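The values are calculated or read from the model by the stated rules, or taken from the named source; none is laboratory data. What you see is a predicted model, and the numbers here were worked out from it, not measured in a lab. Here Cβ is always computed from backbone atoms with ideal geometry, including for glycine, and neighbour counts include all displayed protein chains.
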């Protein structure tokens, strides 16, 4: 299933070319630019809020993988942010970041730091999974870590992660992005 890009008129393959992502964790996205400059340390893979305080919050970019029944060679991924509440876990993740053996490390406790409802679903909205406990799994130094939902999480994206989905589902989930142009 593909669309035509409104910028260049080239086909967009929804599975390979249209993997949506969140620019910031929700708490940072809701800040004004001046508050963000004052309270946040922003990086491409790691962000923190109140980073000089003992109560700092650390967020790491990751993907939510969903296996596709009709494209088993390629998972659909949603780019998201995980909050890693245990600072010892943050230290361990940083220590392993470029290590090929990181895939052998057990998952870390994490919280989903984005509201998956806002961009993907129209009312009536399912309960928001923002803040849901998840597992943050390192996958290799050249790939984004995975964020995996626990079995009991009641949300359509979590259910799709557990059971798999079809390419048509990805088309529905990315519908709000289909007409977007620019950066």
Whether any residue in region 1-21 is within 22 Å of residue 79 (Cβ to Cβ), out of contact with any strand residue (DSSP E or B) (no Cβ under 7 Å at 6 or more places or on another chain), at pLDDT 90 or above and in a loop (DSSP other than H, G, I, E, B) is what I want to check. no
When restricted to 171, 120, 76, 177, the only residue within 28 Å of residue 30 (Cα to Cα) and at pLDDT 85 or above is 76
Within region 95-120, residues over 13 Å from the mean Cα position of the chain (by Cα) and without any contact (Cβ under 8 Å) to a residue 40 or more places away in the chain come out as 95, 101, 102, 103, 104, 105, 106, 108, 109, 118
Can you pull out the residues in region 130-169 that are closer than 18 Å to residue 59 by Cβ, part of a loop (DSSP other than H, G, I, E, B) and touching a strand residue (DSSP E or B) at 6+ places or on another chain (Cβ under 7 Å)? 130, 131, 132, 139, 144, 145
Working only within region 75-108, note down all residues that are touching a strand residue (DSSP E or B) at 6+ places or on another chain (Cβ under 7 Å), in a loop (DSSP other than H, G, I, E, B) and farther than 12 Å from residue 145 by Cβ. 75, 85, 86
